[in-house]
Amino acid sequence: MTWMEISAVSSAIAFIVLVVFAVRMLITAKRMLQQLSDTVAQTEQHVAKAAEEAEQLLKQAGQLTEEVHLQVLALESTVQSIEKTGAAIGDVASVLRKGARMMSESLHGAERVVHTHQKRIEDVMEWATTGYELWQRWQANRKAKSDH
C-alpha cells in the first residue's frame with residue numbers, strides 16, 4: 001500500500017467516522033428537540049391551566065369586590081343613621097344642659113328672694129298661723145254655743 005492508498009483509506013475512514021458522528025449528533029439533536037417539544041407542550045398545558053385558574057380567581061375577586069361594595073353601601077347608610085342619632089343626642093344633651101342651667105338659676109333666684117324677704121315671709125307665716133288658730137277657736141265657740 002502506497003501512501004496514496006493509505007491516505008484514501010484514512011480519508012474514507014475519517015469521512016465514515018465524521019458521517020457516523022454527524023448522524024449521532026443529528027439523532028441526539030432530534031431527541032433533544034423531541035424532549036424540548038414535549039416540555040413545551042407540558043408548559044403550554046400548565047400555562048393554560050394557570051390561566052384558567054387565574055380567570056376563576058379574577059371572577060371570584062370581582063364577585064367579592066361587588067359584595068364588599070354592597071356591604072359598604074349598606075354600612076354607609078347605617079353610619080349616616082348613627083351620625084344623625086349622635087347629632088340628635090347632642091341636641092338633647094344641649095337642651096338638657098340649658099334646662100338644668102335655667103332651673104339652677106331659678107332656684108338661686110328663689111333662694112335670693114326668700115333670703116331677701118325672709119322677715120316678711122316669717123311675718124306672713126305668723127299671721128297665717130294666728131289666723132288659723134283664731135278660726136279654730138271661733139269654730140269651737142260656735143260649736144259650743146250650738147250644743148247648749
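GNM on the chain, alpha-carbon springs under 10 angstrom: the most fluctuating residue among T85, T43, T130 is T130. Divide the volume of the convex hull around the Cα atoms of region 18-58 by the residue count and you get 30 Å³ per residue.
Computing volume of the Cα convex hull per residue in Å³ for the structure here picks out one of (i) 129; (ii) 316; (iii) 336, namely (ii). At an R0 of 22 angstrom, the distance between the Cβ atoms of L33 and K59 translates into a FRET efficiency of 0.05.
Projecting the Cα positions of L70, H117, T85 onto the charge dipole of region 36-148 (unit charges on Cβ atoms of Lys, Arg, Asp and Glu, taken about the Cα centre) puts H117 furthest along the positive direction.
Sites listed here are chymotrypsin sites (Phe, Trp or Tyr not before Pro) in region 115-148 whose DSSP assignment is loop and whose Cβ has at most 15 other Cβ atoms within 10 Å, and the list is empty. Can you pull the percent of Cα pairs in region 76-148 with separation above 19 Å? Taking all Cα-Cα pairs of region 76-148, the fraction more than 19 Å apart is 69 percent. Charges were assigned to the Cβ only: +1 to each Lys and Arg, -1 to each Asp and Glu. The resulting dipole of the chain about its Cα centre is roughly 880 debye. The length gained by stretching the chain between E44 and E83 to full extension, at 0.36 nm per residue less their Cα-Cα distance, is 8.4 nm. Relative to one another, the C-alpha centroids of region 103-127 and region 32-61 are positioned 97 Å apart. Comparing V95, V72, V23 in a Gaussian network model of the chain where C-alpha atoms under 10 Å apart are linked, the largest mean-square fluctuation is found at V23.
Each of E111 and V19 was given a label point 7 Å from its Cα along the Cα-to-Cβ line. The distance between the two points is 13.0 nm.
Within the same chain, lysines fewer than 8 places from K49 are excluded, and of the rest, those with a Cα less than 27 Å from its Cα are K59.
Surface listing: I121, I16 arranged by accessible area from highest to lowest gives I16, I121, probe 1.4 Å. If the chain linking L134 and L26 were pulled fully straight, counting 0.36 nm for each residue of separation and taking away their Cα-Cα distance, it would gain 24.3 nm.
The values are calculated or read from the model by the stated rules, or taken from the named source; none is laboratory data. Keep in mind that this is a model prediction, so the values were computed, not measured. Note that we place each Cβ from the backbone using ideal geometry, even for glycine, and neighbour counts take in every protein chain shown. Side chains are part of the model used for accessible areas, which takes the heavy atoms of the whole protein and leaves out ligands, DNA and RNA. Shrake-Rupley method; radii C 1.70, N 1.55, O 1.52, S 1.80 Å.
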